[in-house]
């Protein structure tokens, strides 16, 4: 399960750094520091994965903490799903810049997939 969390945290870090630089490239303005929130989230998760490898007896506790962080990330970005589906289905205007909405939507998908894979891993571990 640590491999899943490592890859997911690296994905979040790359996502935040990529969109931070894309805002400058496409819009020509200085990017907001909030574009780096997925990077910070991924860094926290990666730190917890590192700690769970250092202390294998506490692996379960770190895994639960990581899933709580992913749940907080998904909860903070779920509104982008509503915005994107509203834009695609009825043509509603986006409230935030399009790149910010896409970044939040992608972060939501990454966090949600990590939660699903983590819960599946918990279920498999309980069966053994």
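Observations on the structure shown:
- Angle in degrees between helix 37-54 and the longest Cα principal axis of the chain, rounded to the nearest 10: 10 degrees
- Modelled spin labels at residue 96 and residue 26, positioned 7 Å past Cα toward Cβ, are 1.4 nm from each other.
- Most mobile listed residue (42, 118, 91) in the chain, GNM with C-alpha springs under 10 Å: 91
- Most mobile listed residue (34, 101, 77) in the chain, GNM with C-alpha springs under 10 Å: 34
- Relative to the longest principal axis of the Cα atoms of the chain, the long axis of helix 2-22 makes an angle of roughly 20 degrees.
- Inter-label distance for residue 33 and residue 57, nm, one decimal - labels placed 7 Å from Cα along Cα-to-Cβ: 4.0 nm
- Angle between the chain longest axis and helix 59-77 axis [Cα atoms, degrees, rounded to 10]: 10 degrees
- GNM flexibility winner over the chain from 33, 109, 44 (Cα, springs under 10 Å): 33
- Prolate/oblate/rounded label for the range 56-128 (Cα gyration tensor, a/c 1.5): prolate
- Three-way shape label, the range 2-127, alpha-carbon gyration tensor, a/c 1.5: oblate
- For the range 28-94, the square roots a ≥ b ≥ c of the C-alpha gyration tensor eigenvalues yield an a/c of 1.5 or more together with a/b not exceeding b/c, which makes the shape oblate.
- Over the chain, relative contact order from alpha-carbon pairs under 8 Å, at least 6 apart, %: 28 percent
None of the figures in this text is laboratory data; all of them are computed from the coordinates on show. Because the structure is predicted, anything quoted here is derived from the model rather than measured. All Cβ positions, glycine included, derive from the backbone under ideal geometry; neighbour counts span all protein chains shown.
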